[in-house]
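Undergrad: To start, I am sharing the structure in question, which I have written as C-alpha coordinates.
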Amino acid sequence: MRQATRGFTLVEILIVVMILGILATILLPQYRDVISQANTANLRDNLSKIRAQIQVYRNQHAGYPDGAKFVDQMIQRTDFAGDVSRIPDATHRYGPYLEQMPTNPVTNSAAVRVASDAAERFSAGPADGGWWYNEVTGEFYADVGDDHFDGSGARYNEY
(Lines give C-alpha, C1' and ligand atoms only; values in the text may rest on other atoms or scores of the structure.)
Protein backbone atom coordinates (compact mmCIF):
# COMPACT_ATOMS: atom_id res chain seq x y z
CA MET A 1 0.00 0.00 0.00
CA ARG A 2 1.24 3.40 -0.99
CA GLN A 3 1.53 6.14 1.62
CA ALA A 4 -0.14 9.47 0.71
CA THR A 5 2.19 12.44 0.37
CA ARG A 6 1.06 15.79 1.62
CA GLY A 7 1.40 18.92 -0.50
CA PHE A 8 -0.48 21.67 -2.26
CA THR A 9 -2.62 21.00 -5.24
CA LEU A 10 -2.43 23.11 -8.36
CA VAL A 11 -5.87 24.56 -7.62
CA GLU A 12 -4.80 25.70 -4.15
CA ILE A 13 -1.70 27.40 -5.56
CA LEU A 14 -3.76 29.15 -8.26
CA ILE A 15 -6.22 30.44 -5.64
CA VAL A 16 -3.38 31.90 -3.57
CA VAL A 17 -1.84 33.55 -6.66
CA MET A 18 -5.22 35.04 -7.61
CA ILE A 19 -5.74 36.42 -4.10
CA LEU A 20 -2.26 38.01 -4.17
CA GLY A 21 -3.01 39.53 -7.59
CA ILE A 22 -6.27 41.03 -6.32
CA LEU A 23 -4.52 42.50 -3.29
CA ALA A 24 -1.80 43.99 -5.51
CA THR A 25 -4.36 45.66 -7.78
CA ILE A 26 -6.02 47.18 -4.72
CA LEU A 27 -2.87 48.35 -2.95
CA LEU A 28 -0.64 49.62 -5.80
CA PRO A 29 -2.80 52.64 -6.75
CA GLN A 30 -2.93 53.65 -3.10
CA TYR A 31 0.86 53.38 -2.91
CA ARG A 32 1.22 55.63 -5.97
CA ASP A 33 -1.15 58.15 -4.37
CA VAL A 34 1.00 58.20 -1.24
CA ILE A 35 4.12 58.92 -3.32
CA SER A 36 2.31 61.69 -5.21
CA GLN A 37 1.08 63.22 -1.95
CA ALA A 38 4.59 63.09 -0.49
CA ASN A 39 6.03 64.83 -3.58
CA THR A 40 3.32 67.49 -3.36
CA ALA A 41 3.98 68.10 0.33
CA ASN A 42 7.74 68.20 -0.28
CA LEU A 43 7.33 70.67 -3.17
CA ARG A 44 5.10 72.97 -1.11
CA ASP A 45 7.52 72.81 1.81
CA ASN A 46 10.55 73.56 -0.38
CA LEU A 47 8.80 76.52 -2.03
CA SER A 48 7.72 77.91 1.33
CA LYS A 49 11.20 77.65 2.85
CA ILE A 50 13.03 79.06 -0.17
CA ARG A 51 10.59 81.97 -0.53
CA ALA A 52 10.96 82.77 3.17
CA GLN A 53 14.76 82.74 2.90
CA ILE A 54 14.64 84.99 -0.16
CA GLN A 55 12.74 87.50 1.97
CA VAL A 56 15.28 87.17 4.80
CA TYR A 57 18.05 87.81 2.27
CA ARG A 58 16.15 90.84 0.96
CA ASN A 59 15.75 92.26 4.46
CA GLN A 60 19.43 91.82 5.28
CA HIS A 61 20.81 93.01 1.93
CA ALA A 62 18.22 95.61 0.86
CA GLY A 63 17.62 93.66 -2.35
CA TYR A 64 16.97 90.24 -3.80
CA PRO A 65 19.72 87.71 -4.55
CA ASP A 66 21.49 88.11 -7.88
CA GLY A 67 20.22 85.59 -10.41
CA ALA A 68 23.70 84.64 -11.61
CA LYS A 69 24.87 83.96 -8.05
CA PHE A 70 21.52 82.86 -6.60
CA VAL A 71 22.52 79.39 -5.40
CA ASP A 72 25.86 80.59 -3.98
CA GLN A 73 24.18 83.49 -2.18
CA MET A 74 21.63 81.10 -0.67
CA ILE A 75 24.05 78.40 0.54
CA GLN A 76 27.15 80.41 1.50
CA ARG A 77 28.02 83.37 3.70
CA THR A 78 27.51 86.82 2.18
CA ASP A 79 28.45 90.40 2.89
CA PHE A 80 25.98 93.27 2.52
CA ALA A 81 26.81 93.67 -1.17
CA GLY A 82 26.07 89.99 -1.82
CA ASP A 83 29.63 88.79 -2.33
CA VAL A 84 29.99 85.20 -1.15
CA SER A 85 32.46 83.37 1.04
CA ARG A 86 32.52 79.84 2.38
CA ILE A 87 34.08 81.03 5.63
CA PRO A 88 32.35 83.44 8.00
CA ASP A 89 34.32 86.55 8.85
CA ALA A 90 33.63 90.11 9.97
CA THR A 91 32.49 91.08 6.47
CA HIS A 92 30.64 87.94 5.39
CA ARG A 93 28.28 87.71 8.34
CA TYR A 94 24.97 86.95 6.61
CA GLY A 95 23.61 83.52 5.74
CA PRO A 96 23.81 80.82 4.79
CA TYR A 97 20.08 80.80 4.12
CA LEU A 98 19.87 77.18 2.96
CA GLU A 99 22.10 74.18 3.71
CA GLN A 100 21.90 73.21 0.05
CA MET A 101 19.70 74.02 -2.90
CA PRO A 102 16.88 71.48 -2.73
CA THR A 103 15.87 69.51 -5.78
CA ASN A 104 12.42 69.90 -7.22
CA PRO A 105 10.73 66.62 -6.17
CA VAL A 106 8.70 66.52 -9.38
CA THR A 107 11.71 66.71 -11.72
CA ASN A 108 14.65 65.83 -9.42
CA SER A 109 16.48 68.93 -10.65
CA ALA A 110 17.97 71.77 -8.61
CA ALA A 111 18.72 74.00 -11.61
CA VAL A 112 17.46 77.57 -11.38
CA ARG A 113 16.14 79.37 -14.47
CA VAL A 114 16.48 83.14 -13.91
CA ALA A 115 14.35 86.01 -15.20
CA SER A 116 15.81 89.54 -15.15
CA ASP A 117 12.77 91.65 -16.06
CA ALA A 118 10.25 92.87 -13.50
CA ALA A 119 7.46 92.52 -16.05
CA GLU A 120 8.30 88.87 -16.76
CA ARG A 121 5.96 86.40 -15.12
CA PHE A 122 6.47 82.70 -14.79
CA SER A 123 5.71 80.63 -17.83
CA ALA A 124 6.59 76.99 -18.27
CA GLY A 125 9.85 76.47 -20.12
CA PRO A 126 10.36 74.20 -23.12
CA ALA A 127 11.38 71.34 -20.79
CA ASP A 128 10.90 70.57 -17.13
CA GLY A 129 13.57 72.11 -14.95
CA GLY A 130 14.10 72.68 -11.27
CA TRP A 131 13.14 76.19 -10.20
CA TRP A 132 12.27 79.55 -11.74
CA TYR A 133 13.43 82.78 -10.06
CA ASN A 134 12.87 86.45 -10.96
CA GLU A 135 15.81 88.40 -9.57
CA VAL A 136 13.93 91.73 -9.77
CA THR A 137 10.68 90.75 -8.06
CA GLY A 138 11.90 87.82 -5.95
CA GLU A 139 9.22 85.48 -7.33
CA PHE A 140 10.10 81.81 -7.06
CA TYR A 141 8.23 78.88 -8.64
CA ALA A 142 8.62 75.23 -9.53
CA ASP A 143 9.87 75.18 -13.12
CA VAL A 144 7.62 72.44 -14.50
CA GLY A 145 5.28 72.26 -17.44
CA ASP A 146 1.55 72.76 -17.32
CA ASP A 147 1.04 68.99 -17.53
CA HIS A 148 2.09 68.33 -13.91
CA PHE A 149 -0.82 68.33 -11.42
CA ASP A 150 -1.33 67.44 -7.80
CA GLY A 151 -4.10 65.13 -6.58
CA SER A 152 -6.64 67.96 -6.48
CA GLY A 153 -5.95 69.05 -10.07
CA ALA A 154 -3.87 72.16 -9.26
CA ARG A 155 -0.76 72.72 -11.38
CA TYR A 156 2.52 72.38 -9.54
CA ASN A 157 3.84 75.51 -11.26
CA GLU A 158 1.03 77.61 -9.76
CA TYR A 159 1.95 76.95 -6.12
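Undergrad: Of the residues Asn46, Asn42, which single one is in contact with a Pro (Cβ under 8 Å, 6 or more places away or on another chain), of a type in the set (S, T, N, Q), surrounded by fewer than 18 Cβ atoms within 10 Å (Cβ to Cβ) and part of a helix (DSSP H, G or I)? Steps first, please.
TA: Working: Asn46 fails: surrounded by fewer than 18 Cβ atoms within 10 Å (Cβ to Cβ).
Result of the check over Asn46, Asn42: Asn42.
Undergrad: Which of the residues that make up segment 23-50 are out of contact with any strand residue (DSSP E or B) (no Cβ under 7 Å at 6 or more places or on another chain), under 29 Å from Gly138 (Cβ atoms) and among the hydrophobic types (A, V, I, L, M, F, W, C)?
TA: Within segment 23-50, Ala38, Ala41 meet the criteria.
Undergrad: Being out of contact with any Gly (no Cβ under 6 Å at 6 or more places or on another chain), closer than 13 Å to Phe140 by Cβ and touching a residue at least 40 places away in the same chain (Cβ under 8 Å) is the filter here, so list the residues in segment 59-111 that pass it.
TA: Selection gives Pro65, Gly67, Phe70, Val71, Tyr97, Leu98, Pro102.
Undergrad: Considering only segment 113-159, state which residues are of a type in the set (Asp, Glu), at pLDDT below 90 and either touching a strand residue (DSSP E or B) at 6+ places or on another chain (Cβ under 8 Å) or under 26 Å from Gly63 (Cβ atoms) (or both).
TA: We begin by selecting, within segment 113-159, every residue of a type in the set (Asp, Glu); these are 117, 120, 128, 135, 139, 143, 146-147, 150, 158.
After this cut, where a residue has to be at pLDDT below 90 as well, the list is 128, 146-147, 150.
Result: Asp128, Asp146.
Undergrad: Scan segment 57-78 for residues that are exposed (fewer than 13 other Cβ atoms within 10 Å of the Cβ) and either in a helix (DSSP H, G or I) or touching a strand residue (DSSP E or B) at 6+ places or on another chain (Cβ under 7 Å) (or both) and report the count.
TA: Selection size over segment 57-78: 2.
The values are calculated or read from the model by the stated rules, or taken from the named source; none is laboratory data. It should be emphasised that the depicted structure is a prediction, and the values quoted were computed from it without experimental measurement. Note: ideal-geometry Cβ built from the backbone for every residue, glycine included; neighbour counts use all protein chains shown.
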